[in-house]
Every structure is written in C-alpha cells, then in structure tokens.
Amino acid sequence: MRAPAVAGPWHDVVVSEPVPADRIRVSDAERRAVQDMLLRAQGEGLLDIGEYDERVQAVWNGKTRGDLARVTADLPGELVADFYPDATALLVWHTHAGRVRLYR
C-alpha cells in the first residue's frame with residue numbers, strides 16, 4: 001500500500017542540514033512566555049501600552065523563534081534571561097549587531 005501524497009511546498013524537500021535555530025517553529029507556550037515577558041517590561045516602564053500591544057500582536061502572529069527574538073531584541077538581557085532559567089531546556093534570545101543569536 002502506498003502512502004497518500006502530501007501537498008505543500010515542503011513535501012519533496014530533503015533536509016541535509018539542521019534547521020537554523022531562528023527558523024524553528026514556536027509553540028503557544030513559548031508565545032505565552034514572551035507575552036508575559038513583554039507585560040513585565042511594560043510594567044517596568046520599558047514599553048508603553050501601545051508598544052506592548054503591537055509586540056503582543058507580533059508574538060501571536062509569529063511562527064518562528066526568530067520572529068519572537070525580533071520582538072524582544074531591544075529589551076535588557078537580564079529581563080529575557082529571567083524568563084528562561086533552565087537554559088538547557090530552552091533557548092534564550094539575544095541580539096548582537098542586528099543579528100539574532102540563540103544561546104543554550
């Protein structure tokens with residue numbers, strides 16, 4: 001018996017290299033964590049309510065870790081790290097010279 005054909009632009013792609021960390025898809029749990037981080041940033045006066053609203057919309061429209069990293073790129077590193085205390089289980093996002101870097 002033959003497996004059903006799967007339609008989509010990715011159906012015949014052979015992966016020879018790992019997907020870059022900033023292109024890994026995110027879960028709703030990751031989106032919620034970033035939303036909570038943004039709420040804390042807004043509460044500390046780092047974001048005004050309009051910026052908070054725009055960023056939360058971007059978080060929930062985001063598909064990849066790179067999308068979420070761009071939303072938090074200008075927040076202090078210690079604020080970001082507070083939301084990811086178990087660095088072995090989850091990547092922490094940080095930027096340097098306009099590029100997204102992902103640390104374990």
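The values are calculated or read from the model by the stated rules, or taken from the named source; none is laboratory data. Nothing here was measured: the structure is a model prediction, and the numbers come from that model. Every residue, glycine among them, receives a Cβ derived from its backbone with ideal geometry; neighbour counts consider all protein chains shown. Side chains included, ligands, DNA and RNA excluded: accessible areas come from the protein's heavy atoms. Shrake-Rupley method; radii C 1.70, N 1.55, O 1.52, S 1.80 Å.
Quick notes
- Per the listing ASP48, ASP36, the residue uniquely out of contact with any Asp or Glu (no Cβ under 7 Å at 6 or more places or on another chain), modelled with pLDDT of 95 or more and not aromatic (Phe, Trp, Tyr) is ASP48.
- Top-ranked residue of the stretch 5-33 - restricted to ones that are open to solvent by 100 Å² or more (accessible area, probe 1.4 Å) and touching a strand residue (DSSP E or B) at 6+ places or on another chain (Cβ under 8 Å), ranked as modelled with the lowest pLDDT: ARG23
- Some residue of the stretch 65-81 being at pLDDT below 95, touching a helix residue (DSSP H, G or I) at 6+ places or on another chain (Cβ under 9 Å) and open to solvent by 60 Å² or more (accessible area, probe 1.4 Å): yes
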